[in-house]
Each structure stands twice: as C-alpha cells, then as structure tokens.
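Quick notes on the structure that follows.
Taken together, the values in this text are just the output of simple stated rules run on the coordinates, not laboratory data. Here the structure is a predicted model, which means the values were calculated and not measured. Please note: Cβ atoms are built from the backbone with ideal geometry, for glycine as well, and neighbour counts cover all protein chains shown.
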Amino acid sequence: MNDRLIFQIPYLEKGKQILPTVPNEISSIEINIPDNLKRKKAPELPQISEPQLIRHYNKLSKKNFGVDTGFYPLGSCTMKYNPKINEEISRLENFVNIHPYQDEEDIQGALQLMYELDVLLCEITGMDKFTLQPSAGAHGELTGLFIIDAYHREKGNKRKNIIIPDSAHGTNPASVTMAGYNAVAVDSDENGKVDLKKLNELLDKETAGLMLTNPNTLGFFDENILKISKMVHDVGGLVYYDGANLNAIMTISKPRDMGFDIVHLNLHKTFSTPHGGGGPGSGPIGVTKELSKFLLIPTVELNNKGRYYLNYDKKDSIGKVKAFYGNFNVLIKAYSYILSLGAKGLKRASQLAVLNANYLKKHLSKYYHIPYPEICMHEFVISAIWQKEKGIRALDIAKRLMDFGFHPPTIYFPLIINEAIMIEPTETENKETLDMFIKAMIQIAKESDKNPEILKSAPHKTQIKRLDEAKAARDLILKYEYK
Ligand SMILES: *Cc1c(COP(=O)(O)O)cnc(C)c1O
C-alpha cells in the first residue's frame, strides 16, 4: 500500500540507513516508504563529540541577549523577568509526564490546577468564566471575536464592524479581519486617548463591538472608559479588552468593572513565561456569565463529589481552537506565579512597574521630546524628533543602547508617533539599573550633537555589528562554527 501514511522516517547512523525500533503496540503498522522518497546518500551532518556540541551551544548562548543578561525595556510586549521558581514547578515530574489522553481520574491534580487558575484569573479580571485553550494573545483575540460573532448571530443580527483605536497593537486589526469583520479605526485625541466625538460618529447598528487596550499602548489609562463601554453597549455592541499586558493594573482595577464583556490575557507576558522567538504562549479569554455558554470545549468543572472533569456537553460552544486544553506548561507557571506573589504581591508588582516607568519618563524628558508628558502607567513613548533634526533616527538610538549593555526598546510603534521609542522598564528593575539606563540615554542625546557618527554606525561592542533589519530575519545564514 504505497499511499499509506508515512509514520516514521528512517534515521541515519554513520551513513547507514536503519529503521528505529517500533514499540510493540504499533509494530503492526506497516512502514512503507516509496523508493523515490528514500535518501540515496547520507546527509552531510557534522559529526562531533559531546564536548564540542556543548561548547557550540554555550558559545551561542553567550552571543545572545536576554532578560537574564541585562535590562530589557521593550515596550508593548512586557518582556519581564520571570522568577525561576515558576520554571522549577512547571518541570515537576508529575506535570511533565502526564498525557492529555489519560483518564480524568488520573489527572485530577492537573484539572484542579486549570480549574483554580480559571478562578484566579476571574478574580483578577472580574470576569465570570475563562477558557485556557488559546495559545497566544492573537489566538485569544480571534476566539473572542468568534464569541462576539456567535452572540450577534444568536440575536439574529450579524453585524459588520469592530472599532479599534489607532494606537492598537497590530494583532487587533489582523484578528478582526480574520474573523470576517471590518476593522474600523477610531482616532486618538490630543491626549492619546479615544476621541469620544469620533467614536460617537462611528457607532451604529453595524457595530459588533469595540476592542480596546487599557492602559493603551501609549501607556495611558483612559479615564473615559466607563463612558466608552456604555456608548458601545447602547448600540448593542460588545466591548473586548486586550489584556495582553496586565502589568499596570493587577489587583488594582478590573476590566469587568470598566464595562468589558470579553478579556484576553497573555500569560506569557504578565504571568511568568519567558517568550519571544515564537513561544510558547497562552492567551486565555474570560467572559461574562451571559457569554460563557459560547466558550470553547471542554471547560474544566468541579462536580458535587469534589472531582474535576472536562465538560464537552455545551451545545452553544463555538468549538475548539487548539488540540486538547491549552499550553499546559504555561498554565502551570501562571498559577505558580499568582500563588507565589499573592494578591498583595501582584499589586506591588503593578505599582513598581508604574513607578519605574514614570521615573524613567521624568528623567528622560529633558533630553527627548515626550509627546504626551503626563503620568503614565507601565510604559511610555518618547519621540526622537529633536535628534532627527541632526540626522539621528530612533533606530540609531536603539542600536547605540546595545553598546551600553541594554536591549533596544521597541521603535517605530505605535505608528501615531513620529520616531517612536517605546519604553517599559517593568517591576523587577532596581534604581541603579534605571539610573544606568538614564545615563546612557543622556549620553546618547549628547552624542547626537557632538558625535553623530558614533550613533549612525552603532552598535560597536556587540558580536555582530549593524545588520540589515529585514534581511537579518529573512536571509538567515545558518552555519556550524568550531573555533
Ligand atoms: C503582545 C500583544 C498582543 C499579541 O499577543 P501575541 O501573544 O503576541 O499574539 C496583542 N495586544 C497587545 C497589546 C500586545 O502587547
């Protein structure tokens, strides 16, 4: 049977093809690889010893930069230090060795963890029920939009538009489009918040909902939030909270109290999973009681005998968006993070995140143009337009920061600010680190007057000097080097 699924590819050992041993249960499956797919020659893989291999990866790790190496003030994406205890706990043998097909009775602990994480996230956001299944923020957005769609369909009036502020994260319009809606942008006013007059003009009976980040990507908490959510509800729309970064408001204010119907959280940003370079992520969404019947299957429930179970019996559910129950390993870390900090600790983390951001913002304001100077939340945006007059761009400043041992901040986002540099120091950095960063930024501002060349050719001290931004990611040259 040549059309049979190829289920295991022969691997090579010293240039000779041998078949791997097939475990008993599956030995009856025929392994049938068409001749034209078989290798004629061994691949030319480097043959090296174990110490050589260890040294190779060790060397690579030292060329890299991470939050364990130094300060990482990347705005919008909350790249914060994730306490190692949460890693340890997620690696406990009994978590690592369970399988999603195991009997519910055997995995009561894992189910309990998911159930309780749901309860904790409800407590933090004010929502009534969560699903832990989506595997990223954008994935949660898409799931939330499907729920908005299900809600309107049930009412018999499928609507067309989702309104998004012009300062929104790029995934918002992308998810809206993927869910089959039109993304309609509402402008920000001169304070960087939603322009209520413009919003009013956009709202009508085609408005399915509004998607909002609060605090927004400029780092401001929109004090009109109750008015905004009421305006959307008044035309029959739902209000969706992009809670990818909850760092400024944990246990201080709840999205539900702001009038939101659906919330997604990025556990990999706020709740302790190192991310970047593609994952792993987790983007649970929480909803109000009214919307909970649409949530993904299965939900984790507790019966009256005190046993946890997976509930697939939900006729209004929008279905599944991922195999099984979510990125379980990320869920463990979030659970452990929340319990280890406690309500007080989470609040203190948010307070420090806000304090640190304002400390930096204040000290940089003499040297850089700050388009929206008032008190911010967890992040803020400066604009390099003063430096641009001297031919220095946000990119040059970001590159030069690497020479001082700092990861470059986010640049050219949000799009509504010219030469934007977006800074989020996070809660774990101490005053000494923040002062060193301020010192570097001041020196860079001075260099833009006196020595602009050093900025244009930066970085000078890194392993690899200035890269072509686009090509560096698209035309990778991968090689093995042993020197
Ligand atoms: C990071 C982020 C997202 C997207 O999350 P992913 O996990 O990268 O898909 C959405 N909105 C905001 C505000 C974000 O910061």
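Some observations on this one:
- Between region 419-483 and region 104-141, the C-alpha centres lie 38 angstrom from each other.
- For the residue pairs 193/439; 155/315; 362/446; 366/450, alpha carbon separations beyond 23 Å are given by 193/439.
- When the Cα positions of 398, 260, 114 are compared along the charge dipole of the chain, 398 comes out farthest toward the positive end, with charges on each C-beta of Lys, Arg, Asp and Glu.
- Built from the Cα atoms of region 46-152, the convex hull projects on average onto 12.2 nm², one quarter of its surface area.
- Those aspartates and glutamates that a straight Cα-Cα span of less than 17 Å connects to residue 62, excepting residues fewer than 8 apart in one chain: 403, 481
- Scaled to the globular estimate 2.2 N^0.38 Å, the Cα spread of region 149-290, given as radius of gyration, is 1.02.
- Annotation: peptides 392-403, 357-368, ranked by per-residue average of other Cβ atoms within 10 Å with the highest first, follow the order 392-403, 357-368.
- Kyte-Doolittle mean at least -0.5, axial Cα span of 18 Å or more - DSSP H helices of the chain: 108-125, 137-154, 328-364, 431-450
- Highest to lowest packing among 430-436, 283-289, 405-411, scored as the average C-beta count within 10 Å: 283-289, 405-411, 430-436
- Charge dipole magnitude, Cβ of K and R +1, D and E -1 - the chain, Cα centre, debye nearest 20: 1300 debye
- Alpha-carbon radius of gyration plus Dmax, which is the widest Cα pair, for region 206-273 in Å: 12.1, 39
- Debye intensity ratio in log₁₀ form over the Cα atoms of region 84-340, taken at each q of 0.08, 0.13, 0.17 Å⁻¹: -0.31, -0.79, -1.29
- In this simple spin-label approximation, residue 224 and residue 166 carry label points 7 Å from Cα along the Cα→Cβ vector, and these lie 1.4 nm apart.
- Extended-chain gain in nm, criterion 0.36 nm per residue less alpha-carbon gap, residue 320 and residue 348: 6.5 nm
- With the charge dipole of the chain set up from +1 on Lys and Arg Cβ and -1 on Asp and Glu Cβ about the Cα centre, the Cα lying farthest toward the positive end among the listed residues 476, 212, 138 is that of 476.
- Student exercise, region 140-260 dipole from Lys, Arg, Asp, Glu Cβ charges, in Debye to nearest 20: 440 debye
- With neighbours defined as other Cβ atoms within 10 Å of a residue's Cβ, the residues 263, 330, 96 order from fewest to most as 96, 330, 263.
- Beyond 33 Å, the tail of the calculated P(r) for the chain holds 48 percent of the Cα pairs.
- Charge tally around residue 353: other residues with Cβ under 9 Å, Lys/Arg +1 each, Asp/Glu -1 each, net -2.
- Taking 7 Å steps out from each Cα toward its Cβ at residue 185 and residue 52 produces label points 5.4 nm apart.
- Normalised by 2.2 N^0.38 Å, with N the number of residues, the alpha-carbon radius of gyration of region 245-357 equals 1.19.
- Globularity ratio of region 76-207, using Cα Rg and 2.2 N^0.38 Å: 1.40
- Relative pair counts by distance (%), Cα atoms of region 359-412, 10 Å bins: 23, 54, 23, 0
- Peptides 171-178, 207-214 ranked from most to least packed give 207-214, 171-178, packing being the mean of other C-beta atoms within 10 angstrom over each peptide's residues.
- Over the C-alpha atoms of region 350-472, the Rg to Rh ratio, Rh being the Kirkwood estimate, stands at 0.95.
- Dipole moment magnitude, nearest 20 debye, region 84-340 about Cα centre, only Lys, Arg, Asp, Glu C-beta charged: 360 debye
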